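*Asks:* Quick one: the structure is below, and I'll ask about it shortly.
The values are calculated or read from the model by the stated rules, or taken from the named source; none is laboratory data. No experiment lies behind these values; they were computed from the predicted model shown. No Cβ is skipped: glycine too gets one built from the backbone with ideal geometry, and neighbour counts run over all protein chains shown. Surface areas here come from the heavy atoms of the whole protein model, side chains and all, with no ligands, DNA or RNA. Shrake-Rupley method; radii C 1.70, N 1.55, O 1.52, S 1.80 Å.
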Amino acid sequence: IPTGSEVKTLWIDSERKELREVVRYKPVTISAAWALSSTKSKGVESLGYRFEASNGLPATGIWLKGIANPSNAPITIVLNDKGKKFATDDVENRVNRGEQVLALDLLLTGDDSTQDLPNIWAYPEMLAAEGKRPLGMEAAQLLALAHWMEECAGTKHIRLEVRGMRMQTVALVASALEPGLFSEVSIHDGIPSLGYLLSKPVHYENAADLFCLDLYKDFDLDDIAALAGSSTISYESGAVASQK
């Protein structure tokens with residue numbers, strides 16, 4: 001990563017363009033958001049949603065906020081490799097701080113995965129065979145949902161709270177593709193390098209979206225984080241990278 005300001009700017013522009021090509025990034029928008037459930041309990045309101053992106057692919061989410069909190073309170077989007085059902089602690093922590101929280105299951109995750117079906121790895125494999133990259137599709141969904149939240153809540157202050165190596169990578173790629181959209185990306189239970197996939201080793205079917213053709217050939221996680229503009233990248237043990 002270059003240190004000179006002018007050289008670094010040129011490097012960032014070139015690397016971001018290369019990343020878009022590697023993950024086959026195609027922007028999407030949220031074409032429909034169906035409210036499926038609504039609850040109010042112990043001072044907290046929740047709305048369950050089924051989202052459809054402009055490419056026809058789904059995501060699900062739960063929007064939670066304190067009833068007494070202002071409608072433009074800060075927003076945290078919570079992602080978990082195991083799905084939003086396993087993100088309870090992270091969600092409660094942010095709601096208790098007076099924030100609005102959108103707990104999401106992106107494509108191939110949680111409620112929007114095929115985890116209960118045999119040969120689940122075949123689905124991302126078929127997408128890859130068509131020339132698509134699940135990692136880029138998940139990042140596009142995340143960016144679209146962040147903009148949807150901005151519009152609905154009327155606030156620009158959005159942060160990410162992610163847990164697990166899959167959502168870590170999705171969050172970093174999304175932050176690199178649209179720098180400055182997220183004020184902070186807070187990562188828990190992440191990995192230091194994409195080399196972990198090979199050294200562990202990680203089975204393809206357990207993280208198929210991370211086996212993105214040419215990604216590790218051209219990038220590692222620190223390179224991607226360097227493209228995140230003003231977003232601060234922090235890890236469970238504390239901030240380790242601020243791209244200001």
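*Asks:* Measuring from label point to label point, each 7 Å out along Cα→Cβ, what is the SER193 to ASN72 span in nm?
*Replies:* 4.6 nm
*Asks:* So, one more: Order these peptides, 1-7, 81-87, 196-202, by their mean beta-carbon neighbour count within 10 angstrom, highest first.
*Replies:* Taking the mean over residues of other Cβ atoms within 10 Å, the ranking is 81-87, 196-202, 1-7.
*Asks:* Then there is this: Hull surface divided by four, with the convex hull built on the Cα atoms of the range 19-84: how many nm²?
*Replies:* 6.3 nm²
*Asks:* Let me ask something else. For the range 182-237, compute Rh as the Kirkwood radius over C-alpha pairs and then the Stokes-Einstein diffusion coefficient at 20 °C and 1.002 mPa s; write the answer in µm²/s, rounded to an integer.
*Replies:* 170 µm²/s
*Asks:* Within 10 Å, count the other beta carbons around each residue, average over each peptide in 54-63, 30-39, 171-180, and list them highest first.
*Replies:* 171-180, 54-63, 30-39
*Asks:* Continuing with this model, one more query. Give, in nm to one decimal, the length gained when the segment between LYS156 and THR3 is fully stretched (0.36 nm per residue of separation minus the Cα-Cα distance).
*Replies:* 52.1 nm
*Asks:* Oh, and also: Can you say what percent of the DSSP beta bridges in the chain, counting only those with both residues inside, are antiparallel? Round to 5.
*Replies:* 60 percent
*Asks:* Still on this structure, I have one more. With θ taken as phi - 60° and the coefficients 6.51, -1.76 and 1.60, list the Karplus ³J(HN,Hα) couplings across the range 215-220 in order, rounded to whole Hz; mark glycine and proline as x.
*Replies:* 4, 6, 5, 10, 9, 10
*Asks:* For the chain, what % of the accessible area comes from carbon and sulfur atoms, probe 1.4 Å?
*Replies:* Reported share for carbon and sulfur atoms: 51 percent.
*Asks:* Let me ask another. Which number gives the lysine pairs in the range 1-78 that have C-alpha atoms under 24 Å apart and are eight or more places apart or on different chains?
*Replies:* Within the range 1-78, the lysine pair count is 4.
*Asks:* Mind listing P(r) for the chain? All alpha-carbon pairs, 10 Å bins, whole percents.
*Replies:* Pair shares across the bins are 7, 33, 38, 18, 4, 0.
*Asks:* Give me the distance between the Cα centres of the range 65-96 and the range 144-168, rounded to whole Å.
*Replies:* Rounded to whole Å, the Cα centres lie 11 Å apart.
*Asks:* OK, next. Pull out the extension gain between LYS42 and VAL202, defined as 0.36 nm times the separation in residues minus the alpha carbon to alpha carbon distance; nm, one decimal.
*Replies:* Net length gain for the segment: 53.5 nm.
*Asks:* In debye, nearest 20, what is the charge dipole magnitude of the chain about its Cα centre with +1 on Lys and Arg Cβ and -1 on Asp and Glu Cβ, if you could check?
*Replies:* Around 500 debye, computed over the chain.
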